[in-house]
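Notes follow once the structure below has been shown.
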Amino acid sequence: MVVFLANRANLQHKRLHDRIQQRLGAEFNDVRRRRTEPREAGPYRVVGDVNPRQFLGDDEYPVTAARVEIGFQLRTSDPYEHYWINWLEPDRSLLVGWHQDDTHGDLGPVHLQVTDGSTVVAYERAQFIDTHPLDVVEQRLESLPDALLAVEWEGERPIGFDASAALFE
């Protein structure tokens, strides 16, 4: 694990997202930084395409195309950064992602959610990581396979998370 000791107060949006882009370039394809859409928080997202079968080491995984989208909003009304780290599978209209924002205070500062199309089907409290954003990215990418395996399915639709998954302990 890489530990980042940089002063987070001096972070700049573009530079941080450029560094995330460099980090994702090692595992993902067509990695790019884009400006956010008006409905999205923060100024940028870093997007990378991936073959889930290769990323997860599972030749039976049901889709062969996915993408990761990562974005940070550094200056917030909270004493910590906001971020969105999402795995998206367009063929199944699936989103699994960690969101550290102010949308679900009852779950704490961070939640993991699974979305089917435009409908959120489950939220779970997630561990708050109080460290440099690049370290947060590393830790979340390490946990991503477990988060994907924790998604429960009913037929072809996600219905939530397996609450017994080690991810939520």
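The rows are residues; the columns are (1) among the aliphatic types (A, V, I, L, M); (2) in contact with a Ser or Thr (Cβ under 7 Å, 6 or more places away or on another chain); (3) in a strand (DSSP E or B).
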{"residue": "ARG67", "(1), (2), (3)": "no, no, yes"}
{"residue": "ASP78", "(1), (2), (3)": "no, no, no"}
{"residue": "ASN86", "(1), (2), (3)": "no, no, yes"}
{"residue": "ASP91", "(1), (2), (3)": "no, no, no"}
{"residue": "LEU95", "(1), (2), (3)": "yes, yes, yes"}
{"residue": "TRP98", "(1), (2), (3)": "no, no, yes"}
{"residue": "THR103", "(1), (2), (3)": "no, no, no"}
{"residue": "THR115", "(1), (2), (3)": "no, no, yes"}
### Summary
If you go through ALA122, ALA65, ALA126, the only one that is more than 21 Å from GLY160 (Cβ to Cβ) and small (Gly, Ala, Ser) is ALA65
### Query
How many residues are free of Cβ contacts under 8 Å to residues at least 12 places away in the same chain, surrounded by fewer than 16 Cβ atoms within 10 Å (Cβ to Cβ) and touching a helix residue (DSSP H, G or I) at 6+ places or on another chain (Cβ under 6 Å) when one looks only at the stretch 22-76?
1
### Query
Going through the stretch 120-140 one residue at a time, which ones are in contact (Cβ under 8 Å) with a residue 12 or more places away in the chain, within 20 Å of TYR83 (Cβ to Cβ) and not in a loop (DSSP other than H, G, I, E, B)?
ALA122, TYR123, GLU124, ARG125, PRO133, LEU134, ASP135, VAL136, VAL137, GLU138, GLN139, ARG140
### Task
Would you point out which residue out of LEU167, LEU149, LEU88 is among the aliphatic types (A, V, I, L, M), within 23 Å of GLN54 (Cα to Cα), in contact with a strand residue (DSSP E or B) (Cβ under 8 Å, 6 or more places away or on another chain) and modelled with pLDDT of 90 or more?
LEU88
### Query
Which of (1) out of contact with any helix residue (DSSP H, G or I) (no Cβ under 6 Å at 6 or more places or on another chain); (2) crowded, with 18+ Cβ neighbours inside 10 Å is the odd one out, the single condition ASP102 does not satisfy?
(2)
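The values are calculated or read from the model by the stated rules, or taken from the named source; none is laboratory data. If you're wondering where the values come from, they're calculated on a predicted model, not measured in any experiment. Note that each Cβ is placed from the backbone with ideal geometry, even for glycine, and that neighbours are counted across all protein chains shown.
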